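J.: Got a structure for you, written out below as structure tokens; questions coming shortly.
The values are calculated or read from the model by the stated rules, or taken from the named source; none is laboratory data. As the structure is a prediction and not an experimental result, all values here were calculated from the model. Counting neighbours? That spans all protein chains shown, and the Cβs are built from the backbone with ideal geometry, glycine included. Side chains are part of the model used for accessible areas, which takes the heavy atoms of the whole protein and leaves out ligands, DNA and RNA. Shrake-Rupley method; radii C 1.70, N 1.55, O 1.52, S 1.80 Å.
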Amino acid sequence: MMSILLNGVLIVLMVGGLIGMMICNKKQATNPNAQGLALLLLLVVVVSGGFFLYNTGWLGEIGIGKSETEKIRDIETAIYASQGYKVAEHLKKNNMDKEKILILADEGYEDNSRTQALKQMLIENGIPESNIVFDLVLEPANVSGPDGRPMGPSMPVMMRMSAQDFDKAVKKHSDCNVVITLVGLPMNGPAGVSFIKNKYKEGAPKLIMLGSVMNSDVAKFGLAQGNVTAVVVPRKDANYEVTSLPSSQQDIFDLRYAFYTKDNYQQMP
């Protein structure tokens, strides 16, 4: 409420200052003090405008007023989210963009800025928000620290889950024909995941891997013979020192990632 009131005051000052400047401009011929007053009003307009842009976040949108850490974080979030663009394009190309989508994520995905930015990118590129469902592979671990307060597990979920855990999480959402994993596959026995071990079947749920690919042979096998439809991996020449972003989502994606499907899996390293 206070922010809205402040913005209202700033708008009044800007509009009043502009009107005052126009009046002073007309009075300059007869009043020698009008020019000085006009300059003072110009200062009021500029300062009020600056505060208004800062208060509404518009300066932040173009990177002004942000720390280097914030700028880097925003760039990294945008690069990560660009995967959503590529996935949406792939789904549309293969007539899967209207299917219900299960996204297997890590704990805390609700407040994870990168995960939510990826979801928003899917939506902006034609995937209905109502068709997107998030879930965990494993239930949150009740781990307590020395002070008794809850803390996250020390090992990544891919090191803790099994192929059975992965398949169980998918089966909970039998109405989802597309599954996107942001947590990779189990490190122990990834070939046991149904999307990998089962032969390709038309109409069967399809898997898209956006998490870390620890075993490229398993991913390639899933693309070649299983029900994996796409895999995203970091490029060999990935740019990790990005200071500004290209204008297109494709170019942003190409800074860091490579996209493999059943059409080009042979090129996968």
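J.: How long are the semi-axes of the equivalent ellipsoid of the chain, defined as square roots of 5 times the Cα gyration tensor eigenvalues? Whole Å, largest first.
T.: Result for the chain: semi-axes of 52, 22, 17 Å.
J.: Something else now. Testing the spin-label approximation: label points 7 Å from Cα along Cα→Cβ at residue 202 and residue 262. State their distance in nm.
T.: Roughly 1.0 nm, to one decimal.
J.: Still on this structure, please answer the following. Greater than 24 Å separation of Cα atoms is the criterion. Which listed pairs, 119/199; 93/206; 168/199; 206/236, meet it?
T.: From 119/199; 93/206; 168/199; 206/236, over 24 Å: 119/199; 206/236.
J.: Return P(r) of region 116-264 (all Cα-Cα pairs; 5 Å bins starting at 0; whole %; ordered from short to long distances).
T.: Taking all Cα pairs of region 116-264, the binned fractions are 2, 8, 15, 19, 18, 16, 12, 6, 3, 1, 0 percent.
J.: Just from its helices, what would the mean residue ellipticity at 222 nm be for the chain, if runs of 4 or more DSSP H residues each count -39500 (n - 2.57) and the sum is divided by every residue, rounded to the nearest 500 deg cm²/dmol?
T.: Helix-only estimate at 222 nm: -14500 deg cm²/dmol.
J.: Given labels modelled 7 Å from the Cα in the Cβ direction, how far is it in nm from residue 224 to residue 188?
T.: It is 2.8 nm.
J.: In whole Hz, with x marking every Gly and Pro, tabulate ³J(HN,Hα) for region 212-229 from phi via Karplus 6.51 cos²θ - 1.76 cosθ + 1.60, θ = phi - 60°.
T.: 4, 9, 7, 10, 5, 5, 5, 4, 5, 5, x, 6, 6, 10, x, 10, 8, 9
J.: Take peptides 111-117, 173-179 and line them up by average Cβ neighbours within 10 Å, highest first, as a rough protection proxy.
T.: 173-179, 111-117
J.: Compute, for the chain, the length of the dipole vector about the Cα centre, with Cβ point charges of +1 (Lys, Arg) and -1 (Asp, Glu) only. Units Debye, rounded to 20.
T.: 400
J.: Summarise the accessible area of the chain (1.4 Å probe, protein heavy atoms) by the percent that is carbon and sulfur.
T.: Answer for the chain is 56 percent, counting heavy atoms of protein chains only.
J.: Tell me the accessible surface of residue 92 in square angstrom (1.4 angstrom probe, heavy atoms of protein chains only), to the nearest ten.
T.: Surface accessible to solvent at residue 92 totals approximately 80 Å².
J.: Putting +1 on Lys and Arg Cβ atoms and -1 on Asp and Glu Cβ atoms, find which of 193, 255, 239 reaches farthest to the positive end of the dipole of region 193-269.
T.: 193
J.: Can you give me the distance in nm between label points at residue 43 and residue 174, each placed 7 Å from the Cα along the Cα-to-Cβ direction?
T.: Calculated label separation equals 7.4 nm.
J.: Still on this structure, I have one more. Once the piece of chain linking residue 112 and residue 164 is laid out straight, how much longer is it, given 0.36 nm per residue of separation minus the C-alpha distance between them?
T.: Gain in length upon complete extension: 16.1 nm.
J.: Work through the residues other than residue 94 whose Cβ is under 12 Å from its Cβ and net out their charges, Lys, Arg +1 and Asp, Glu -1.
T.: Value of the local net charge: 0.
J.: Under 12 Å from the Cβ of residue 200, count the other residues' Cβ atoms, weight Lys and Arg +1, Asp and Glu -1, and hand me the total.
T.: Numbers: positive: 197, 199, 201, 206, 262; negative: 202.
Neighbour charge sum, excluding residue 200 itself: +4.
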